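Novice: What follows is a single structure, and I will ask about it in a moment.
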Amino acid sequence: MTEMSVSAPADRSIAGERPRRPHEERAAWGLVGPAATLIGLILVVPLIVVVALSLTDYQLGAKAWRFVGFANYADLAGDPVFWRSIANTALYAVAVVAGSTGLGLAVALALQGSGALAPVWRTIFFLPVMASLVAMAIVWEFMLHPTFGLVNAVLGLVGVAPMNWLQNGATALPALAVIGVWQQFGFAMVLFLAGLSGIPTSLYDAAEMDGAPSAWARFRLVTWPLLAPVTLFVVVISTIRSFQVFDTVHALTKGGPNKVTEVLLYTMYAEGFEFFRTGRAAAIAVVFVAAMLVVTLTKVLLVEKRIHAR
Amino acid sequence: MARIEIDGIEKRFGRTPVLRGIDLDVAAGEFLSLVGPSGCGKSTLLRIVAGLTREDRGAIRLAGEDVDHLAARDRDLAMVFQNYALYPHLTVAENIAVPLVMRRLTTAQRLPLVGRHLSGSRAAHAAIAADVARVAETLGIAALANRRPGELSGGQRQRIALGRAMVRRPKAFLMDEPLSNLDAKLRVEMRSEIASLHRRLETTFVYVTHDQAEAMTMSDRIAVMMDGAVLQVGTPDAVYADPDDLRVAEFVGSPKINVITADAALAAALGVDATRAPDPDGLRLAFRTEAVRLVDPTGAALAGRVVHLENFGSDLMVHLAVAAAVPIVVRRDPHDPRPRIGETWGLSIRPDRLLVFDAAGRRLRSVVGRGA
Ligand SMILES: Nc1ncnc2c1ncn2[C@@H]1O[C@H](COP(=O)(O)OP(=O)(O)OP(=O)(O)O)[C@@H](O)[C@H]1O
Ligand SMILES: [Mg+2]
């Protein structure tokens, strides 16, 4: 990205007018160089190292290692915990993406043009996005505490029996998803608010004149379609962030009870830093990166299609 | 086709009064233009008629019925917006269909995919498609049916917006500067197209513009607005030749009407009986560029030096510096002998075309009426 935007203008002006001269070529490389080096060091080199590690039986701290080809991947494919972990991650991601996108949109619609207090609410809802999730996880741990937690206390008022949310196989993953939604919806809200302010008000006037009978009809006719690019962006970003879930799992459930909250990055962490199977952890990391790549490419394709449709 | 009665409409935004008691009566089937300088409240008035903005005081009646309690969608009016307000994600045909889809189909029938298979839905959809095709045909945009607004030129978008308004048979059309985003040539073309549309549809049109030429060429009647008040309502001829107020005279007509400030002596020399005016020395005399001739300066009541010539091909505008600060403009046939810059000419104003106003700009008809 950076590389292209730096070099492209220079290329075009030179190619368009006259043959490229050696000192200009050197200058171009000089300009691109720092950014390219940084990208290489920060992104490309570690990626290559991880891919390479995933093809070995290296163990953290070990002196010797062997090249094992795709054995790590084959092991993973036959490991029920790994599949469990993928399924849990996907489930968590679907819940959090749907929840945070929906809640973010709802809150944005409610806050849009809602008077003097709107900025205050906006700030409050955005706070979780900026907060450290590990710190917040501890707060949530207290809130969800089976004996003195706020959640059980409030539910007790309406007659719901107290539960051990994080240690119950049926509620642990949903509880983590709720925390994920709580953390992410502010981000979606801010993007939706920006998107909403970009919709020309004359379209709502037109919808009104055209006889849209209800707020819902106007939403379907104007708001939802015009927000589509923002929605796509929100979904992609929150998908990627949901796949990266780790802090809450690590702080609250450690993958339990009975592996119901085992998620991809937590499995990777456990393989790498608890069982010291670095090669296998690297293989999980590669799978993870590939999944992210698929999400990103899907978005690019969708955007392309939209541009061509216009 | 419906009569629109606008009765004592007042509106303020915050503390600023924007409309100060507007009364207008638009006859059924009439083409009425609201014209006035930017910010005088035209759009606000139109939006109040449409029901998009609520008035502070006054009433709107459509076809004799009070509609103040009705939301915009229930008033059965169509509006064309200055920026077209087309739905960017819908095709041309879908855009035009929206008013029918919203009014003829139930919420369930409007659902994507499933909606079409509900009972009665197929026939309703087919009827809508037929109506849309008919309108697209009329406006010559049938070939664009499957394109999106983003792929169209300004003139084409304008037509789509008209199509969306026409596809239903509304009680009246409200148009807010629909041509202001088009280039000059296209604007002239669309002017006659909208006028012929009005003749064909035989519906009431209320047309907002700040371009007096549009108002003059298209309307049955013009309402000239300024500072939130209607100064004069009348046919284009009446507003042009017989204005009630100096501001109307100055706003309507291009080039601008000539205005000179005259004391009693000059007024008398031009045939105005200033003694009957309340303030004989503060008169403002106005005359159109075609109501004045160049004559021999000797003995003329008013004379000036030629400072500028503008040749439009069909007309030659001669600008003369007289005592007044603003030069006087005289319209001449370019084929007549041309005056040269620097020459001094006398001015002879047709007395029946001389308009007299008092210092505040109110017309003084008793001093010299038309044809006096
Ligand atoms: N929603 C609003 N809030 C506050 N002031 C407004 C609002 N709408 C219009 N105004 C003010 O009311 C006045 C009249 O506005 P309006 O849009 O009716 O003018 P207009 O005659 O249509 O002008 P133009 O020819 O520029 O479109 C302006 O001074 C404008 O600033
Ligand atoms: Mg306006």
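The values are calculated or read from the model by the stated rules, or taken from the named source; none is laboratory data. Keep in mind that what you see is a predicted model, and the values were worked out from it rather than measured. Cβ atoms come from the backbone with ideal geometry, glycine included; neighbour counts cover every protein chain shown. These area figures cover heavy atoms from the full protein model, side chains too; ligands, DNA and RNA do not enter into them. Shrake-Rupley method; radii C 1.70, N 1.55, O 1.52, S 1.80 Å.
Novice: Quick check: anything in segment B:305-315 under 21 Å from residue B:351 (Cβ atoms) and surrounded by fewer than 16 Cβ atoms within 10 Å (Cβ to Cβ)?
Specialist: Applying the first criterion (under 21 Å from residue B:351 (Cβ atoms)) to segment B:305-315 yields none.
Looking through segment B:305-315, none of the residues is under 21 Å from residue B:351 (Cβ atoms) and surrounded by fewer than 16 Cβ atoms within 10 Å (Cβ to Cβ).
Results for (1) small (Gly, Ala, Ser); (2) more than 10 Å from every other protein chain (Cβ to nearest Cβ); (3) more than 23 Å from residue A:214 (Cβ to Cβ), shown as yes or no for each residue.
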site: B:98; (1), (2), (3): no, no, no
site: B:112; (1), (2), (3): no, no, no
site: B:121; (1), (2), (3): yes, yes, no
site: B:134; (1), (2), (3): no, yes, yes
site: B:139; (1), (2), (3): no, yes, yes
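Novice: A follow-up question, please. Working only within segment A:165-202, note down all residues that are among the small types (Gly, Ala, Ser) and either within 12 Å of chain B (Cβ to nearest Cβ) or farther than 30 Å from residue B:103 by Cα (or both).
Specialist: A:169, A:170, A:172, A:175, A:177, A:180, A:186, A:188, A:194, A:198, A:202
Novice: Moving on to the next point. Report, ordered by the first and then the second residue, all pairs with beta carbons closer than 8 Å, sequence separation of six or more or different chains, a first member in segment A:47-66 that is farther than 13 Å from residue A:272 by Cα, and a second member that is surrounded by 12 or more Cβ atoms within 10 Å (Cβ to Cβ) and among the charged types (D, E, K, R).
Specialist: Pairs found: A:65/A:57; A:66/A:57.
Novice: May I ask you to say which residue of B:20, B:12, B:47, B:73 is within 16 Å of ligand 1 (Cβ to nearest atom), within 11 Å of chain A (Cβ to nearest Cβ), of a type in the set (D, E, K, R) and open to solvent by 30 Å² or more (accessible area, probe 1.4 Å)?
Specialist: B:47
Novice: Further question on the same structure: Quickly run through segment B:34-49 and pick out the residues that are more than 12 Å from the chain's Cα centre (by Cα), within 10 Å of ligand 2 (Cβ to nearest atom) and not hydroxyl-bearing (Ser, Thr, Tyr).
Specialist: Listed by number, the residues that qualify are B:39, B:40, B:41, B:45, B:46, B:47.
Novice: Now a separate question. Can you tell me which of (1) within 16 Å of ligand 2 (Cβ to nearest atom); (2) modelled with pLDDT under 90 is the one residue B:177 doesn't meet?
Specialist: (2)
Novice: Test of understanding: among B:97, B:85, which residue is within 16 Å of ligand 2 (Cβ to nearest atom) and modelled with pLDDT under 95?
Specialist: Matching residue, one of B:97, B:85: B:85.
Novice: Just need a number here: residues in segment B:170-205 that are hydrophobic (A, V, I, L, M, F, W, C), within 14 Å of chain A (Cβ to nearest Cβ) and within 16 Å of ligand 1 (Cβ to nearest atom).
Specialist: Total satisfying the criteria: 2.
Novice: Within segment B:53-70, is even one residue of a type in the set (S, T, N, Q), within 14 Å of another protein chain (Cβ to nearest Cβ) and more than 12 Å from ligand 1 (Cβ to nearest atom)?
Specialist: So far as segment B:53-70 goes, no, none of its residues is of a type in the set (S, T, N, Q), within 14 Å of another protein chain (Cβ to nearest Cβ) and more than 12 Å from ligand 1 (Cβ to nearest atom).
Novice: Take the residues in segment B:50-70 that are within 16 Å of ligand 2 (Cβ to nearest atom) and of a type outside the set (Val, Ile, Thr), then tell me which one is surrounded by the most Cβ atoms within 10 Å (Cβ to Cβ).
Specialist: Filtering segment B:50-70 for residues that are within 16 Å of ligand 2 (Cβ to nearest atom) and of a type outside the set (Val, Ile, Thr), the one surrounded by the most Cβ atoms within 10 Å (Cβ to Cβ) comes out as B:52.
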